[in-house]
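Colleague: Structure in structure tokens, see below.
What follows draws every value from the coordinates through simple rules; no lab data is involved. Since the model is a prediction, treat every value here as computed from it, not as a measurement. FYI the Cβ positions are ideal-geometry reconstructions off the backbone, even for glycines, and counts take in every protein chain you see.
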Amino acid sequence: MTVPHFDYELFSKQLRGRLTLMHRMVTVFLEEMPSRFIALHQAIIGGDHAHIAHAAHSIKGAAANMAALELFACAKQIEDDCERLDSVPLLQLYQSVEESYHALITDPRFIYIETYSMSCPE
């Protein structure tokens, strides 16, 4: 079974369908993720397993909050496997994390939430 990159129904359910709150969550997520990706990439390049695990855990938590299931799974795999893998496989997994993130932020339902007008009544 393929894991969806974004489970809109789950995200909506987690936030009780409140589009204003969903929009705020998406906005913060988009603001914070670039620094999390940089931290993960730098930790992988540096071979720092503790920082790899921490950065992957941070991405995994943010993904869980957003119902970004594929991103969650990719980050979890890095977190789980960082101790036994060297930088080449970890960089390949990192690429999967980036691809999953790109799929998430280009999902029409995600874009709808991102562009939701704060002036619309709920």
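Colleague: Evaluate the following for LEU71: is it closer than 17 Å to ILE111 by Cα, part of a helix (DSSP H, G or I) and out of contact with any Gly (no Cβ under 9 Å at 6 or more places or on another chain)?
Modeller: Criteria met by LEU71.
Colleague: Which one is surrounded by the fewest Cβ atoms within 10 Å (Cβ to Cβ), of the residues in segment 1-16 that are in a loop (DSSP other than H, G, I, E, B) and not aromatic (Phe, Trp, Tyr)?
Modeller: Result: MET1.
Colleague: ARG36 is checked against (1) over 12 Å from the mean Cα position of the chain (by Cα); (2) free of Cβ contacts under 8 Å to residues at least 40 places away in the same chain and fails just one. What number does that condition carry?
Modeller: (1)
Colleague: In addition: Which pairs have Cβ atoms under 7 Å, sit 6 or more apart or on different chains, and link a residue in segment 81-96 that is part of a helix (DSSP H, G or I) to one that is of a type outside the set (A, V, I, L, M, F, W, C)?
Modeller: SER87/GLY47; LEU93/GLN77; TYR94/HIS41
Colleague: Among LEU19, LEU85, LEU69, which is the only one that is hydrophobic (A, V, I, L, M, F, W, C), surrounded by 14 or more Cβ atoms within 10 Å (Cβ to Cβ) and in contact with a Pro (Cβ under 6 Å, 6 or more places away or on another chain)?
Modeller: LEU69 is the lone residue from the list that is hydrophobic (A, V, I, L, M, F, W, C), surrounded by 14 or more Cβ atoms within 10 Å (Cβ to Cβ) and in contact with a Pro (Cβ under 6 Å, 6 or more places away or on another chain).
Colleague: If you don't mind, another one. Has segment 43-66 got at least one residue that is part of a helix (DSSP H, G or I), touching a His at 6+ places or on another chain (Cβ under 7 Å) and crowded, with 20+ Cβ neighbours inside 10 Å? Steps first, answer last, please.
Modeller: Looking only at segment 43-66, we keep the residues that are part of a helix (DSSP H, G or I), and these are 43-46, 49-65.
From what is left, the residues that are touching a His at 6+ places or on another chain (Cβ under 7 Å) are 43.
Subsequent filtering for residues that are crowded, with 20+ Cβ neighbours inside 10 Å retains 43.
Yes, there is a match, as at least one residue in segment 43-66 is part of a helix (DSSP H, G or I), touching a His at 6+ places or on another chain (Cβ under 7 Å) and crowded, with 20+ Cβ neighbours inside 10 Å.
Colleague: So how many residues does segment 30-40 have that are over 10 Å from ALA55 (Cα atoms), crowded, with 19+ Cβ neighbours inside 10 Å and either touching a helix residue (DSSP H, G or I) at 6+ places or on another chain (Cβ under 6 Å) or among the acidic types (Asp, Glu) (or both)?
Modeller: Looking only at that region, the number is 0.
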